[in-house]
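Derivation of every value follows stated rules applied to the coordinates shown; laboratory data play no part. Owing to the predicted nature of the structure, the values given are computational and were not obtained by experimental measurement. Cβ coordinates were reconstructed from backbone atoms using ideal geometry, including for glycine residues, and neighbour counts include every protein chain displayed.
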Amino acid sequence: MILLETKLKDCYVIESKLFNDERGCFYEVFNQIKFNKIIGADVNFVQDNESFSFKGVLRGLHFQKGNHAQAKLVRVSQGRVLDVVVDLRKSSRTFGEHLSIELNEENKKQLFIPKGFAHGFVVLSKSAVFSYKSDNYYNKESEGGIIFNDSELNINWQLPEDELIISKKDMVLPELKTCKI
């Protein structure tokens, strides 16, 4: 596992060593000991989630608050997505900043998202399978979110807005400046 720092404090891209031969490819997706060593923290993932979505589906920007905050390790096993995270930690030097990265089945990159971040993604390919580990269980009463088209964040989702497929719930999320974090 190779750790690459991003512009957002404590948020990392993780690359795996690929073993290719005439049969195909093998790589280690996750190893708890190696993972904790490279990020310099003791993260214990307790839940794995996976979604299947079609092109243009935008999920996010979501987060869990308080005692139910979640760190996540995300990846794409099929297709391509633009993954976006926003630093919501008011004490962070990168508060209010966002990062966009393409995750896909070819680059096999993973993104570690620490607690205190909003997260979302949009599917760029015909369809995609998106998987993530979280270090805390989902709690409906602790969920929060930020509207995908927040003018201050100015996120380029790489698809025209009229091609996005967004849930009714995500369409009414607040802007960052009025969000209760």
Discussion item. Please list 3J(HN,Hα) in residue order for the range 12-26, calculated via the Karplus relation 6.51 cos²θ - 1.76 cosθ + 1.60 where θ = phi - 60°; whole Hz, with x for glycine and proline.
Written reply: 10, 8, 10, 10, 9, 6, 9, 10, 10, 8, 4, 8, x, 9, 9
Worksheet item: Which trypsin sites (Lys or Arg not before Pro) does the range 54-160 hold that lie in a coil by DSSP with at most 11 other beta carbons within 10 Å?
Response: K90, R93, K126
Worksheet entry | Orientation-averaged projected area, Cα convex hull of the range 46-178 (nm²) | 7.8
Worksheet, complete the sentence: With label points set 7 Å from each Cα along the Cα-to-Cβ direction at D42 and V129, the distance between them in nm comes to 3.4
Worksheet item: Say the cut-off is 31 Å between C-alpha atoms; which of K17/K140; K17/K72; K34/K177; K90/K140 go over it?
Response: K17/K140; K34/K177
Item to complete: Select from V29, G40, G96 the residue farthest towards the positive end of the dipole of the chain; place +1 on Cβ of Lys and Arg, -1 on Cβ of Asp and Glu, and compute about the Cα centre.
Response: G40
Discussion item. Could you give each residue of the range 35-43 its phi-based ³J(HN,Hα) in whole Hz, using Karplus coefficients 6.51, -1.76, 1.60 with θ = phi - 60°, and x for Gly or Pro?
Written reply: 4, 4, 5, 6, 8, x, 8, 9, 9
